[in-house]
Structures are given as structure tokens and as C-alpha cells.
Amino acid sequence: MKSVLTGKLCLTSLKPCNLGKCTKGEVLEYFENTYDLDETIFSALKDECSFYLCPDRLRLPLIFYYCHPSVVYINKLLIAGLIKEQVNPRFETLFETGVDEMSWDDTENYRMGGSFNWPRLSECVEYRRKVRAIVRKVIQETPLELPVTVDNPWWAIFMGLEHERIHLETSSVLIHQMPTHLVQRPPSWKYASSNSGLKALDNPLIKVPAAQVTYGKPRNFPSYGWDNEYGQMTTAVPEFEASKYLITNGEYLKFVQAGGYGRRTYWTKEGWEWRTFRQAQHPTFWVCPKGCKSGCGAALVSYSHCQPENFHKTSGGAEETVNGEQNGHLNGVEEVISVEEEMPVFRYRAMFDILPLTLDWPVEVNYHEAKAYCIWKDNGFRLLTEAEHHLMRSGSQPLGDNITSDPIFCDNLKKKSNTNLAFGSPTPVTMYPPTEAGFHDVSGNVWVWTEDHFNGLPGFDTTYLYDDFSSPCFDGRHTTILGGSWISTGDEASRFARFSFRRHFFQHLGFRLARTCNLWKTPVRVLNIQTLVPDNPITVPKDSVQLISVPSANTQMYYETDIAVQDQLELEYRDLSKTGYCSQLFGVCKQAIEKEQLTGSTGLVLGSGTGLTSFMLTQLFHKVIGIDYSGRFIETAQQLKCSGHQGSEIKIPDYLDRDRVVFKQLTWIPNEVGHHSFILLDFLDRTFNPSAWLVRLSQVVQAKGLVVIASEKWSRNNLDQRFQELGKQLSFVEQKEIESREKQRKRVTFVTIWKRWNPIGSECKDGDGKD
């Protein structure tokens, strides 16, 4: 069946751009390649209906992932000032943010169900076409100043490029879970072959001497990087040993055959809860004839790959082929094996086909399954640490000014690793040459799980273009993954790439065994966020591993504690008189609104805390939206909204209409907040990257609206300078100071009032104020 998409098909991934000496032509070529690769992966869907299915119950339908990357281009180019208008505000709201499910048993997002009215595919195809033309024009017409650094507007272009390449891999994993009758293999898609029919691969352990390792991307390295890559970590690593190869399907098969999925003793507490809920009997990309429960959602919830009809044998001993080319894994002439006949125990779900289980390919599992295997193997086995993974790369070109010290920029990359789409599948773990230390597939084939919680490196910082790319994942629930996979391209295939997933997540992800060799304990970094993760989910042999408790690099996490909640309640509710902080702040806002004769039905409070100022503003607005990134603050505000009080000391005055307030926990100002006539920004001092919040103000305030900024640190002068630096000017109206008491100190707050700056003769288009 012909694909419903008609764009250019492409299965060759180009090298990323050298940001020190690239040309516009090279950037344009890389962009076109990026866009074509994304179109190609979606060309595998046979019909339009498939775009609206949920192959993973914890993710959105595929139509979201088709449009999301193009929306990010527009939203980031707007922030950077490279374009001036939205293309389709409805799309740029609907497709802006996805879901990051908290647990394997989360309730399905309302956008996942069949009742949600997603745009037609033809509209989405047209939108992607328009965005492609806009980005092309920006690349062609924007002056290119080299080198491109994080402060250069061109950084937004490369951010869009690498973001789309991340989602190329994301979409591939989702399509990997689709029913096979709904997908088709794109032309020239090439699976790898098996090197041998070995049922058991010899996978010896290799010792790595104790050493000190330093990792992290230099700020001046001439390629795009995500925020978590920068900074520098130096760690002393005791002598350890690790498996020469990634753990293979053949090795993991022994664990499955030994009843590993049915024995509680092999699983962590969290892992066993996941296994029980999912009713997992084997890795999710293996296929058996027993109708195992799938992880699909919505209309696909009853689907299962594990059916007898997925088991075939080749008639006449014909070698299996792919599109006429011998690859060893698709049948030429097939006949169904009846259930009564002897059949293989498992097969393998490749991207688009059911294949024989290839024993020398790496197994693809989540963290819980990898940990269960380690515990089953016993003898102190565990997963690698991030520092150990870097030591295993010994022999790679030393990091220097030469950009080819990052393998993704080398011409012979496909000879060294299964990455950058060398194949459309994993490859045998013996196929590519080892590092000087003797390890195969340290880069590529499949990502590897580590033991470390995901966190920023020392010196971590964010960019105003994407403040919350990594930092919300520094929560103790996300685990670091390294090395890249066969479909990792661009920055994802870089030596500096470090990503994370929740431990129940599926990706092109595997693992290898490791253990410490002597009495020195191997450091494993875990985040000391007990309020978020009261039970430490890492289970490692305590006799050989030292758990290093470190603070989250996201300082906003510190507002998720009982102490932080009490301090915020004290600031807001201790003094409800006219001299109290919230009362004075409300008074300044009211006076400014009346003076400017402001009209409008909605107000937006950024930094709503535990809610008092938002409640007070209901005297002036029909609806108030209160936003904070602290989940504990929002939870407390919601409780106060429902009951009107907390204990006997904290009470919302009866004359305030609590029903007019809507509270939301957001780590960013997405388009869903809409446009408002009045905005109060009241948490600039506790944001990680103030510029990320300041840059959005002029985009969400209506043309004749007001912005009020309350801060102990940011007065008129430094705000004015920052707005000009960001190219998002707001015109200063006036500044006032309010004094209040906070515990044992006097608190002085600058309250500055601003209007959105408009060139003479221009008229800005605004939304209707709906959230």
C-alpha cells in the first residue's frame, strides 16, 4: 500500500554542522535532511487512521509526534526573534508539549482517547510544509555570524534541528510498538543480519584499571549541545570489570527460561510493581504465541503482538530476504506453523516486521528488566555507572579543538559503530570493532542504562530558549542513559550525549553487566530529594557501591519541601492586614490597573505560590490563572481553593471568589496560557533562569495590557537592560517599593510596571484571553 505521505524519502543521515565554520548551504542541507528523515519514518504508517492511534498508553497518538517538531521550530524562532508571527496559533498550542508520564499506571491523558478532536492529517501535512518553507527562508535570509554560540539567534535554528532528530528516535520507538498490519517498511530500509546461529555467546568480563575520569562538553566546542551536556565532572573510579559485549537476546533468554519474570526476589520493589501491573513475561519487543498484554492504549489496548499467527517457517529452506536483498530475517515463502507443531519459543518484533529472535543482537529492555537480570546473575553484578562508561571509551581520540574528536563528525563513522542509521535495526554485538579497552558497542547499537540518577554536571546552566529541557528530569525518577542507538543521529550520536528516561520507559535501550573488583566502593550518584522519592529506587550491592547523595542541579526542586511550603505560607498569610506582603502587592496592581484604565477579563500570575495574590486578584478579574513550577505550592493552593482554609491559622477571606482561580503547575510559559490583559510575575528571584520567563512576557500580554514584576533583586534598570538584550522590550511605566516582614528580616521588594512596547503604527494581534 502506498504511504499517505508523499514527501521525499530519505534513509541517509548527514553529519551535523560545524558551528565554527559552517555555511548557510550546509545548514540548509542539514535541515532538509532532518525534515526528510522525519517524513520517512512516518511514511511507514499505511493509512491516515494510524496517525490517531496510541501504540503506547503513556504517550499521545502519533499525529502529535508528527507535528510537534515543526511547532518547536516556530516557537523557538519566535523567542529568538528570527520570525515575528505564529503560523497557526491553534497548532502551536496543541502540539507544543507532550506528556512525561509519572508512572506505568498513570491514567491516560485526555488527548490520548478517541473523543479528542485532533486536526486532520491533511492540515498537519500542510502545516509541516509551511514550516519547512519558513525555516528555509530564515536560514537563507538571516545573517550568519560565526561561531554560532548559545547567545547567537542561530542557536534556535540548531535547537530545532536537533530537537527534531531526538523525535525521529522517539517516533521510531512508538512505531516499533504498532501492530504490524498497520505499518510498512520504507523502501531501502535495511535490517542487519545475524553473524552466527550461536545459542549462547561467550561474553567475558574485561577489567578496567582504577583511574580518574573527567567528562562534560566544553562550552567552546563547535557543535550544538543540550544544556545537560555542559559542565565538567571529575570522578575517581575504582577498578571494575564489565561485559565485553552488550547483553544479548541469547543471554537474556536464559533469564526468561529460568522463570525470571515470575520470581519476586529478582526484582526491585518498584520493578516488581511495574512487572505485575504490565503482566510482563518477556521483553516487550519479543513475541510469543500466548497473547501477552501489550502496553498500547486507547483503541489498541486489546492488541497483542503475541499471537500464534506471528510464527512462521520458511518453505523449502529459502533464505529470508528484505525487498529482494538477502538480509536473513524475512521469509520468502511462508506457511503458518500450527499450534500443535513444534514452534520457536520467541520471535522478535523489528521496526516493521516479525523476525526470528536474533540471539546475537542486544536485548532491548527497560531499567527494571535490566536490574532483574543483574540480580539473577548475582555475584555483585550491577549496571554501569556514567563514569565507568566514559572509562570504557579509552583509546578514543582525545578531546581537543579538532571537531573530529567527536566521532559523529568523522567520515568513517559507519565502520566503527551502528549509529546514524547505518542499519534500520540493531546489529550483532560482535559486528563492530572494540575500543582499545576491548569493549564493543560502547557507542551505538542500543543505548545503555546506568545506575546514576540523571542530573546536571557541575556548572550546569540553561538557556532562555529552552529553560526546562533537562532540569525537570533532575528529580530522582529519571535515570541516565548513554551511548546512543542505531537510529541516533546528530547530537544524539555525539560523544557528549547524555539523556534520561523514567525506569519503566522503553527505548532502543539495553545494558551490560558490571561489578567492582576490589574493596574500594564504586560511586553511584543519587539525588537527595526525599520529598519526591522517599524510597531510594536504586538496588545495588552495598558492599561494592557507595551511594553518593547529591543535590539536584535544578534549584527549583528545593521548593518541593515541607519547609519551603511553610515559608511560603508564612510570607503570604501571616499578615492579612494592609501592611502584609500580598495586600501591598495587590494594592500596587490595583492602582496601576485603575490608572491605565485597563480592560480585560483575565489575569495571569506567574509565581502564584500558595495562592493568596491570585485569590485577591479575583476582585479585579473574572478569571485568574495562577502558575507555579512547585508542585507542592500548587497542591497547597488547590487545597485552599477547595476548603478555604488550612487549619485554624490560614484562612481565605470570605469576600474573595475562590472559584474564579485556576491553578496550574508549569515549568515554562506554554502557549496554552493564552494572552492576558494583566500579568503579575512574582517569582523571578526563585527561577533558575530569569531570562527564560522575562522573554515570554511580551508574547503573552495583550497589546494594551500591563505587566507587573515583583522582585527583591530586579529593579527597573537591570530589567530594562535585560529586555533590550533579549530583544523583547517592554516600556517602563513606574517603579514602587513595598516593605514587609519575612521571619526575622525586613523584606524590600521592587515592583515595576510595564507596557508591551509597540513600534508606532503597528497593531499587534492578540488572542481572546482564553487559557
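List of remarks:
- Every residue from region 103-126 that is of a type in the set (Val, Ile, Thr) and either over 30 Å from Arg275 (Cβ atoms) or open to solvent by less than 50 Å² (accessible area, probe 1.4 Å) (or both): Val125
- Filtered by the rule that a residue be buried (at least 18 other Cβ atoms within 10 Å of the Cβ) and assigned to a loop (DSSP other than H, G, I, E, B), region 284-302 gives Thr284, Phe285, Cys288, Pro289, Cys292, Ser294, Gly295, Cys296.
- Residue in region 157-178 that is within 30 Å of Tyr230 (Cβ to Cβ), touching a Ser or Thr at 6+ places or on another chain (Cβ under 9 Å), touching a residue at least 12 places away in the same chain (Cβ under 8 Å) and not in a helix (DSSP H, G or I) present: no
- Residue within region 179-192 that is part of a loop (DSSP other than H, G, I, E, B), in contact with a strand residue (DSSP E or B) (Cβ under 9 Å, 6 or more places away or on another chain) and basic (Lys, Arg) present: yes
- With respect to the stated conditions, Asp100 fails to be part of a helix (DSSP H, G or I) and either surrounded by 21 or more Cβ atoms within 10 Å (Cβ to Cβ) or acidic (Asp, Glu) (or both).
- Some residue of region 446-463 being among the β-branched types (Val, Ile, Thr), closer than 30 Å to Asp628 by Cβ and open to solvent by 10 Å² or more (accessible area, probe 1.4 Å): yes
- Scan region 388-404 for residues that are at pLDDT 90 or above and either open to solvent by less than 10 Å² (accessible area, probe 1.4 Å) or part of a loop (DSSP other than H, G, I, E, B) (or both) and the total you get is 3.
- The residues of region 405-445 that are in contact with a strand residue (DSSP E or B) (Cβ under 8 Å, 6 or more places away or on another chain) and either surrounded by fewer than 24 Cβ atoms within 10 Å (Cβ to Cβ) or within 17 Å of Arg495 (Cα to Cα) (or both), listed by number, are Ala437, Gly438, Phe439, Asp441, Asn445.
- Top-ranked residue of region 4-29 - restricted to ones that are in a helix (DSSP H, G or I) and touching a residue at least 60 places away in the same chain (Cβ under 8 Å), ranked as least open to solvent (accessible area, probe 1.4 Å): Val27
- Residue that is surrounded by the fewest Cβ atoms within 10 Å (Cβ to Cβ) [pool: residues in region 375-387 that are within 27 Å of Thr214 (Cβ to Cβ) and of a type in the set (D, E, K, R)]: Glu386
- Hits in region 469-483 - residues which are part of a loop (DSSP other than H, G, I, E, B) and either open to solvent by less than 30 Å² (accessible area, probe 1.4 Å) or farther than 20 Å from Asn528 by Cα (or both): Phe469, Ser470, Phe474, Asp475, Gly476, Gly483
- Elements of the type strands (runs of 3 or more DSSP E) sitting completely within region 604-710 and holding at least 3 residues that are closer than 21 Å to Leu569 by Cα and touching a residue at least 40 places away in the same chain (Cβ under 8 Å): these cover 623-628, 661-665.
- Positions within region 606-656 being acidic (Asp, Glu) and under 24 Å from Arg696 (Cβ atoms), in sequence order: Asp628
Yes/no matrix, rows are residues, columns are (1) open to solvent by less than 50 Å² (accessible area, probe 1.4 Å); (2) within 28 Å of Asp543 (Cβ to Cβ); (3) touching a Pro at 6+ places or on another chain (Cβ under 7 Å):
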{"site": "Val237", "(1), (2), (3)": "yes, yes, no"}
{"site": "Ser243", "(1), (2), (3)": "yes, yes, no"}
{"site": "Leu246", "(1), (2), (3)": "yes, yes, yes"}
{"site": "Leu253", "(1), (2), (3)": "yes, no, no"}
{"site": "Gly259", "(1), (2), (3)": "yes, yes, no"}
{"site": "Trp272", "(1), (2), (3)": "no, yes, no"}
{"site": "Phe277", "(1), (2), (3)": "no, no, no"}
{"site": "His282", "(1), (2), (3)": "yes, no, no"}
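- Boolean, Ser70 is in contact (Cβ under 8 Å) with a residue 40 or more places away in the chain, over 20 Å from the mean Cα position of the chain (by Cα) and buried (at least 17 other Cβ atoms within 10 Å of the Cβ): no
- Candidates Leu60, Leu53: the one that is under 18 Å from Met178 (Cβ atoms), open to solvent by less than 40 Å² (accessible area, probe 1.4 Å), aliphatic (A, V, I, L, M) and touching a Lys or Arg at 6+ places or on another chain (Cβ under 6 Å) is Leu60.
- Filter pass, Ser223 being touching a helix residue (DSSP H, G or I) at 6+ places or on another chain (Cβ under 7 Å), part of a loop (DSSP other than H, G, I, E, B) and of a type in the set (Gly, Ala, Ser): yes
- In region 580-603, residue least open to solvent (accessible area, probe 1.4 Å) [restricted to those that are assigned to a loop (DSSP other than H, G, I, E, B) and not small (Gly, Ala, Ser)]: Leu598
- When region 634-663 is filtered for residues that are closer than 17 Å to Leu606 by Cβ, aliphatic (A, V, I, L, M) and either in contact with a Ser or Thr (Cβ under 8 Å, 6 or more places away or on another chain) or open to solvent by 60 Å² or more (accessible area, probe 1.4 Å) (or both), the ones remaining, listed by number, are Ile634, Ala637, Val661.
- Within region 484-494, the residues that satisfy the criterion of being of a type outside the set (A, V, I, L, M) and crowded, with 23+ Cβ neighbours inside 10 Å are Gly484, Ser485, Trp486, Ser488, Thr489, Gly490, Asp491, Ser494.
- Ala80 in contact (Cβ under 8 Å) with a residue 12 or more places away in the chain, touching a strand residue (DSSP E or B) at 6+ places or on another chain (Cβ under 7 Å) and crowded, with 21+ Cβ neighbours inside 10 Å: no
- Some residue of region 30-40 being aliphatic (A, V, I, L, M), modelled with pLDDT of 95 or more and either closer than 19 Å to Phe91 by Cβ or in a loop (DSSP other than H, G, I, E, B) (or both): no
- Yes/no for Arg574 being among the basic types (Lys, Arg), over 20 Å from Val707 (Cβ atoms), open to solvent by 70 Å² or more (accessible area, probe 1.4 Å) and modelled with pLDDT of 95 or more: no
- Test: residue in region 528-543 that is open to solvent by 20 Å² or more (accessible area, probe 1.4 Å) and not in a loop (DSSP other than H, G, I, E, B): no
The values are calculated or read from the model by the stated rules, or taken from the named source; none is laboratory data. Predicted model, so just to flag it, every value in this text is computed and none were measured. Cβ coordinates were reconstructed from backbone atoms using ideal geometry, including for glycine residues, and neighbour counts include every protein chain displayed. Areas reflect the complete protein model, heavy atoms only, side chains present, ligands, DNA and RNA absent. Shrake-Rupley method; radii C 1.70, N 1.55, O 1.52, S 1.80 Å.
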